Amino acid sequence: MIAALLPLLAAQLAGETLIRMTGLPLPGPVAGMLILLLGFALVPRLVEVMRPLATGILGNLSLLFVPAGTGVIGHLGTLSANGPALAVVLIVSTLAAIAAGALAFTLVATLTGTEVEE
């Protein structure tokens, strides 16, 4: 797993360097992720090298949500005072995201000539 950290960190460093040198309006880690994706396409063996690391990271991803959960518990008073408004916003934004995704899918299917089954 440690050997897989080198390509991951190298891709992130390359992305950060590229963004700082070019001034592109893109986060460095996103550029690094694109570089890593290019590496996967050019060197298929890299996928197998990175698989144990990716599995380990995804297996422990829930640990990243502990600070968010702690923040929610710390602000229960604010949450309860604004609960109905937050519920409406969550429902409306979820429905809007689903509608935007369906619209984008339909538009892409129409532009590419793929039939959309109804």
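Every number in this text was worked out from the coordinates using simple rules, so none of it is lab data. What you see is a predicted model; the values in this text were computed from it and never measured. Note that we place each Cβ from the backbone using ideal geometry, even for glycine, and neighbour counts take in every protein chain shown.
Taking 7 Å steps out from each Cα toward its Cβ at Leu111 and Leu46 produces label points 2.7 nm apart.
Which of the DSSP-defined H helices in the chain satisfy a minimum axial length of 20 Å, computed from C-alpha atoms, and a minimum mean Kyte-Doolittle hydropathy of -1.0?
Details: long enough: 2-22 (30 Å, 1.32); 28-42 (21 Å, 2.21); 45-59 (22 Å, 0.83); 83-112 (43 Å, 2.05).
Going by DSSP H runs, the hits are 2-22, 28-42, 45-59, 83-112.
Note on the chain: helix-only mean residue ellipticity at 222 nm, from DSSP H runs of 4+ residues weighted -39500 (n - 2.57) and normalised by residue number, equals -27000 deg cm²/dmol.
Its alpha carbons considered, the range 65-118 gives a radius of gyration followed by a Dmax of 18.3, 52 Å.
Normalised by the number of residues in the chain, the mean separation of alpha-carbon contacts (under 8 Å, six or more apart) gives a relative contact order of 18 percent. Placing pseudo-labels 7 Å out from each Cα toward the beta carbon at Thr78 and Leu13 gives an inter-label distance of 3.9 nm.
The ratio of the alpha-carbon radius of gyration of the chain to the globular-protein estimate 2.2 N^0.38 Å is 1.53.
Computed from label points 7 Å out along Cα-Cβ, the spacing between Leu37 and Val88 is 3.8 nm. A simple charge model with +1 on the Cβ of Lys and Arg, -1 on the Cβ of Asp and Glu and nothing else charged puts the dipole of the chain at about 440 debye relative to its Cα centre.
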